[in-house]
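Notes to accompany the following structure.
The values are calculated or read from the model by the stated rules, or taken from the named source; none is laboratory data. Note that the structure is predicted; figures quoted are calculated from it, not measured. Heads up, the Cβs are rebuilt from the backbone with ideal geometry, glycines too, and the neighbour counts pull from every protein chain shown.
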């Protein structure tokens, strides 16, 4: 019996806690590596199975290019199966056998090419596609968000139809054909319409399949004018005390694969980002795409399934330009991040200023020597995707994959975004700049990471008179003279004045 949609990647999601159950002394699983132009090269397979420790078991790996003719590639007693030579098969079958085992738990099947993992499940390859359930009348439509004028539709196929058409509608109920699809040809249909059309919904209707696999559509693009126009939130103004919130304003966002240039270049005032997405800061990457109308609201219906997991499994660049307040003599300027996810490299006015490691770590960077007071400044942040995102799960108990998953290996992060019984997997795993970004001034000495601990040296009834300690680090950014103060519950004590050289910690 084939695995269900919910558990078909359960043995390839980098999570050995979840497993695919099999029954029988001679059980088997089969999987295909489809979608790409050519099958990946594989020379070794490792199977992780939960079986009784006192039972011997074997598994045999076979490969096929058409699921009809199979060739045995290797056999092992629980260990790795190394092939005699590299394999480029589309399909693999693993047969399990044991004299004393009738219930199997297959936790992981890992493919290798040399020392490199060949990823099967999860969002590691940006090759997502829509596949039909049948071979007759099927359709896919895109909502442009508002009535738009368009004159070109591009459709990219993996398995094209023999017959079909492009249609338009204003209500997603009544459809009008505007272009018949070519019956044969390449896998890319770039259709330039004879005259501009207008409508909110554009549909690809497929009426007859050209292959036994049905229809597989990789991408659909509509070119024209109109639709939703995103407007950025107004930039904040400096607060009393000199703090400048950097929410709103000129924030832009783009997938790393679509950006040309180094962090130093991207963080230079005037760098072209006009074709980037208007970003919501604070907010996740997915939130920004939702707010500009690029993806449907994942909180409704099955919209979550219409958002590409592989597109959002990527590094993303955030970029902002703003005018900094005029400087006060002797003050230092600090760039602050209260929260990013997963990790981040930070660039300011053409220089790398530091890195933030982890979803709940704060970043604080001295930019005194880089800031342009009273003029334009540029900030660029490269958000790094998690290393082990796991595979997509649908919410609801009993769907096979269980709670959490491989994303836990990347903690600290938003672990629940891997998928739980109360929520489906969040595309992008909540990466982004999720908390406040702001500039603050300070004097030459700062107190960093204060921590207070109470030390009770007396009976509990007299606890109010017990001393406490408040260890912290002080950092000098310039020469200064002052006094050190020790705090207690009774009264502070002040030591004699002393001079401290720059950058010394005490």
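Out of (1) surrounded by 20 or more Cβ atoms within 10 Å (Cβ to Cβ); (2) out of contact with any strand residue (DSSP E or B) (no Cβ under 9 Å at 6 or more places or on another chain), the odd one out for residue 387 is which?
(1)
In region 410-447, how many are assigned to a strand (DSSP E or B) and in contact with a strand residue (DSSP E or B) (Cβ under 9 Å, 6 or more places away or on another chain)?
So the answer is 11.
Run down 406, 378 and say which single residue is over 27 Å from residue 126 (Cα atoms) and in contact with a helix residue (DSSP H, G or I) (Cβ under 9 Å, 6 or more places away or on another chain). Spell out the reasoning first.
Numbers: 406 fails: over 27 Å from residue 126 (Cα atoms).
One residue alone meets the criteria, 378.
Mind counting the residues in region 416-437 that are surrounded by fewer than 24 Cβ atoms within 10 Å (Cβ to Cβ), within 17 Å of residue 341 (Cα to Cα) and over 16 Å from the mean Cα position of the chain (by Cα)?
2
Check 387, 463, 378, 397 and return the single one that is modelled with pLDDT under 80 and in the same structural domain as residue 359 (by TED's automatic domain parsing).
397
Can you tell me how many residues in region 89-109 are closer than 24 Å to residue 122 by Cα and assigned to a loop (DSSP other than H, G, I, E, B)?
Total meeting the criteria: 2.
Would you mind finding the one in 265, 247 that is at pLDDT below 95 and more than 15 Å from residue 153 (Cα to Cα)?
None of the others qualify; the one that does is 247.
When you go through (1) outside the structural domain of residue 392 (by TED's automatic domain parsing); (2) crowded, with 18+ Cβ neighbours inside 10 Å one by one for residue 238, which number turns out not to apply?
(2)
Here are some residues: 30, 9. Which one is within 36 Å of the chain's Cα centre (by Cα) and in a loop (DSSP other than H, G, I, E, B)?
Details: 30 fails: in a loop (DSSP other than H, G, I, E, B).
Every option except 9 fails the conditions.
Conditions (1) touching a helix residue (DSSP H, G or I) at 6+ places or on another chain (Cβ under 7 Å); (2) over 22 Å from residue 311 (Cα atoms); (3) loosely packed, with under 14 Cβ neighbours inside 10 Å, marked per residue:
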| site | (1), (2), (3) |
| --- | --- |
| 115 | no, yes, yes |
| 125 | yes, no, yes |
| 128 | yes, no, no |
| 146 | no, yes, yes |
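Only one of 65, 98 is touching a residue at least 12 places away in the same chain (Cβ under 8 Å) and farther than 21 Å from residue 16 by Cβ; which?
Residue meeting the stated conditions: 65.
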